[in-house]
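Working notes for the structure below.
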C-alpha cells in the first residue's frame with residue numbers, strides 16, 4: 001500500500017494548516033499512533049507552526065511506513081513540504097501489532113492494540129527515540145527531552161529511526177527530526193490501555209517541550225544557508 005491508496009480508504013483524512021516555515025507532522029494520526037496528531041496539532045498551534053497529518057478512523061489501523069508517504073500522492077502534503085524549511089515529525093511506538101484468538105462464544109476475535117506487555121517487556125516503555133538529519137535540532141532535542149523527562153531514557157544515535165533521506169521529515173530544505181513517543185507520553189496510559197488519548201497531565205508537558213523545539217527550529221531555519 002502507498003499513500004494514494006491509504007487516502008482512498010473510508011474515514012481516512014488529511015489535515016494541513018500552513019503557518020510558519022517550521023512544520024509539525026503526524027503521519028500516523030488517529031488510530032495508528034494514538035495521540036500523536038493531537039499532540040502535534042496543539043504544539044503547532046501554540047508555536048505558530050505549520051501542521052500536516054493523516055488521520056485514520058477508529059476501525060482502521062494501517063501502518064504505512066514514513067518512506068511510503070510519497071508527496072507526489074497528495075497535493076496537501078506537497079504544499080506542506082514546499083512551505084516549510086524544517087520539520088518535526090511526531091510518532092508513537094509500542095503495541096503496534098494486534099492480538100488474535102478464538103473465543104468459544106464469539107469466534108474469531110481481533111484486538112487491534114494487542115497485549116499490554118510483549119516478549120521480555122516487564123513494565124511500561126520508558127524510551128524516547130529521536131532521529132532525523134538536522135543535526136543541530138537533533139542535538140537540542142536530546143538535551144531538552146532528557147532534561148524535561150528524567151524518568152525516560154532518550155535513545156542515542158545507535159537506534160536508527162528517521163535518518164533515511166527519503167523519510168518525509170528530511171525532505172524540507174533544512175531537514176528535520178523525528179520524535180518517537182512511548183504510550184505513557186501520549187496520554188493513552190503507561191501500557192496504551194486507554195482507547196481515547198488524554199490531553200492533560202504529561203501530555204501538556206510534551207506539547208510544551210515540542211513548542212520549545214519549534215522555537216529552536218525557527219532559529220536554525222533563519223541561520224541555515226539557502227539550498
If one compares the long axis through the Cα atoms of helix 202-223 with the longest principal axis of the Cα atoms of the chain, the angle in degrees, nearest 10, works out at 30
Log entry: pair-distance distribution for the range 3-97, C-alpha pairs binned every 5 Å from zero, whole % per bin is 3, 15, 26, 26, 19, 9, 2, 0
CD proxy, 222 nm, the chain: helix-only mean residue ellipticity via -39,500 (n - 2.57) per DSSP H run with n ≥ 4, per residue, nearest 500, stands at -8500 deg cm²/dmol
Between residue 163 and residue 7, the two model label points (7 Å from Cα along the beta-carbon direction) sit apart by a distance in nm of 3.1
Placing each pseudo-label 7 Å from Cα in the direction of the beta carbon, residue 63 and residue 143 end up separated by a distance in nanometres of 3.4
So the angle from the long Cα axis of helix 36-47 to the longest Cα principal axis of the chain, reported in degrees to the nearest 10, equals 30
If the label point sits 7 Å along Cα→Cβ of residue 18, residues of the range 45-71 with amide N under 14 Å come out as 50-52
Counting every C-alpha pair in the chain, the percent lying more than 22 Å apart is 49
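The numbers here are math on the coordinates, done by the rules we state, and not lab data. No experiment lies behind these values; they were computed from the predicted model shown. Don't worry about glycine lacking a Cβ; one is built from the backbone with ideal geometry, like all the others, and counts go over all protein chains shown.
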